[in-house]
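The values are calculated or read from the model by the stated rules, or taken from the named source; none is laboratory data. This is a predicted model, so every value here is computed, not measured. Every residue, glycine among them, receives a Cβ derived from its backbone with ideal geometry; neighbour counts consider all protein chains shown. Side chains included, ligands, DNA and RNA excluded: accessible areas come from the protein's heavy atoms. Shrake-Rupley method; radii C 1.70, N 1.55, O 1.52, S 1.80 Å.
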Amino acid sequence: MNKLVAGGLAAIALSLLAGTANAESLRVALHGQAGIDAFTPTAERIEKNLGIDVEIVEYPAPDKDYMTKLLTELAAGNGPDLFSIPSAADVADMVAAGYLAPVGAELAAWPEYADFVDVAKQLAVSPDGETYVAPYILGIQQIYFRRDVLEKAGISTEQPKDWADLLARAKEIKEKTGSFGLLFPAGVSWGGGAFDEGFSHLIIGSSTPQLVTDDGKFDLTSQGVRDVFQFYKDLIDADLMPVDPLLGPEPWVIPKYEMFPSGELAATTCGSWCYIFDWGRESRNPIPDVTNVVGTWADPGQNGGEFVLANLGAPWAVNAKAANLELAKKALLEAGSVENQIETAARIGNIPASNAVQRDPRFQALTELVPIQAAANHGTYLKQATGMSVVSEGVARATEALLRKETDAAGAQQILVDHVRQTLGDEAVK
């Protein structure tokens, strides 16, 4: 029997009783109605297949509040047995804190894991070589553009060859249509998205394609990092991306949900979920015929090449102090079923990590996502390390200064470096 505990005192009480929980029960932490709805059928399958009772405990939303509660309870030894982690940037820090149980052996012995795309398996490996999360869902990000706006103005919709070509395309859009040509999320208000949905798209194609060195330090003083900030500055100085909305409290609302649907913004970074939630069938401001009207470009490299950015979408993990560790690990594998991956994709818009979904008619019906899942086989990614969340915050601060025209590329880079050194120590930066 599924039990949805709607937070508050009931959830706290369950947390306090975790140490005495029945060995044949499992507590699963979730947040957000879409995530709960996607997981509920899986909870029913876990109960049936493992003969246990699953308690779905609803944690606060948004992600920041969810993580605050989750980390507090894990630190106190009262955490749930099974949970998702909204941002992969937090995984390395949670491993270092001893909160996550290793699951590499279980995943390797699981027959279904053979069908997973290589990038998902690689993303799941922590800096110590062990795997602590199950990479069932991927965030696949590219540049999304208004094909109709460009074609009407006689502007090429071909894949940009490099950064210079991308910048020139953005300038042409502004000159011929009056619309903003390109958006890369930036600034403090956008939080982790300034790194995940903005900076990452450029750094992977720069002369510094990885920020983490072999010895676990951060390579932040390089020319590649400075070149990324210079690209931001070029966009901002030429008035090619909307700055004022990015300085507000919800910076994504106006550019993503209003300007892009209206054509006032012609290109923006985004992920597979945008075809469903931002502009598609679940949008409050949908773009008609969105999969034809909105096209995608891979991220061009600084001097050529094409990159499809992949990251883990809310990977699942097992509490290292779960009441019944082996039972929790079995449930983790059940949560990775093709059925759950498809249900999550349908409700959330992210991409299943298993290629087996391509053979399933239920996934084929999600026509917006089918080609993006295939593209995941060629995805690239940024390596993680303890302290990556600090780097992410530093990028947000650095790009905020660029938005406000308070600094140049070198100054933005120094803001990033200083923040990481002050937070993690001088030795954290190469």
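Quick look at the numbers
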{"item": "Proximal aspartates and glutamates relative to LYS405, as straight alpha-carbon distance under 13 Å, when same-chain residues fewer than 8 apart are discounted", "result": "ASP234, ASP237, ASP239, ASP244"}
{"item": "Chain lengthening between GLU427 and ALA410 when straightened (0.36 nm per residue, less Cα-Cα)", "result": "4.0 nm"}
{"item": "Histogram of C-alpha separations across the range 310-429, 5 Å bin width, %", "result": "2, 9, 14, 12, 11, 13, 12, 13, 9, 5, 1"}
{"item": "The chain - mean residue ellipticity at 222 nm from DSSP helices (-39,500 (n - 2.57) per run, n ≥ 4, rounded to 500)", "result": "-11500 deg cm²/dmol"}
{"item": "Semi-axis lengths, Å, the range 101-161, gyration tensor of Cα atoms, sqrt of 5 times eigenvalues", "result": "40, 12, 9"}
{"item": "Approximate spin-label separation ASP234-GLN358, in nm, with each point projected 7 Å along Cα-to-Cβ", "result": "3.5 nm"}
{"item": "Bins of 5 Å from zero: percent of alpha-carbon pairs in the range 55-127", "result": "3, 12, 23, 22, 18, 14, 8, 0"}
{"item": "5 Å binning of all Cα-Cα separations within the range 144-297, expressed as whole percents from 0 upward", "result": "2, 9, 18, 21, 21, 15, 8, 4, 2, 0, 0"}
{"item": "log₁₀ of I(q)/I(0) at q = 0.13, 0.21, 0.31, 0.32 Å⁻¹ - the range 211-253, Debye sum with one point per alpha carbon", "result": "-0.47, -0.77, -0.99, -1.02"}
{"item": "Potential lengthening between ASN377 and GLU250 on full extension [0.36 nm per residue; Cα-Cα distance subtracted]", "result": "42.4 nm"}
{"item": "Lysines with Cα under 30 Å of LYS152, excluding same-chain neighbours fewer than 8 positions away", "result": "LYS161, LYS171, LYS174, LYS176, LYS233, LYS256"}
{"item": "Theoretical FRET efficiency, 1/(1+(r/R0)^6), r = Cβ-Cβ of LEU50 and ALA97, R0 35 Å, to 0.05", "result": "0.80"}
{"item": "Heavy-atom accessible area ranking, 1.4 Å probe, most first, across ARG146, ARG359, ARG421", "result": "ARG359, ARG421, ARG146"}
{"item": "Dipole moment magnitude, nearest 20 debye, the range 364-421 about Cα centre, only Lys, Arg, Asp, Glu C-beta charged", "result": "100 debye"}
{"item": "Amide H partners (placed H, <5 Å) of THR269, local residues excluded", "result": "TYR144, LEU183"}
{"item": "Cα extents of the range 361-429 along the three principal axes, largest first (Å)", "result": "52, 30, 17"}
{"item": "Dimensionless Rg/Rh of the range 351-392 - Kirkwood Rh, Rg from C-alpha atoms", "result": "1.19"}
{"item": "Dipole of the range 232-312, positive end: most advanced residue of TYR275, LEU235, LEU246 [Cβ charges, Cα centre]", "result": "TYR275"}
{"item": "Where labels lie 7 Å past Cα in the beta-carbon direction, separation of ASN292 and ALA164 in nm", "result": "3.7 nm"}
{"item": "q = 0.07, 0.09, 0.11 Å⁻¹: log10 I(q)/I(0) that the Debye formula gives for the chain, counting C-alpha atoms only", "result": "-0.34, -0.56, -0.84"}
{"item": "The range 76-127 and the range 204-244: distance between their alpha carbon centers, rounded to Å", "result": "28 Å"}
{"item": "Rounded FRET efficiency, nearest 0.05, which uses the C-beta distance separating ALA76 from GLN122 and R0 of 35 Å", "result": "0.60"}
{"item": "Fraction of beta bridges assigned by DSSP in the chain that are antiparallel (%, nearest 5)", "result": "65 percent"}
{"item": "Geometric extent, Cα atoms of the range 283-378 - Rg, Dmax (angstrom)", "result": "17.0, 52"}
{"item": "Sequence-distant lysines (8 or more away, or on other chains) whose Cα lies within less than 22 Å of LYS217", "result": "LYS383, LYS430"}
{"item": "Accessible surface of TRP297 - all protein chains present, 1.4 Å probe, nearest 10 Å²", "result": "10 Å²"}
{"item": "For the range 190-273, diffusion coefficient by Stokes-Einstein and Kirkwood Rh (Cα), 4 °C, 1.567 mPa s, µm²/s", "result": "90 µm²/s"}
{"item": "For THR131, residues with placed amide H under 5 Å, excluding near neighbours", "result": "VAL103, GLY104, SER126"}
{"item": "Using θ = phi - 60° and Karplus 6.51 cos²θ - 1.76 cosθ + 1.60, couplings along the range 301-318 (whole Hz; Gly, Pro as x)", "result": "x, 4, 10, x, x, 10, 9, 9, 7, 10, 8, 6, x, 6, x, 8, 9, 10"}
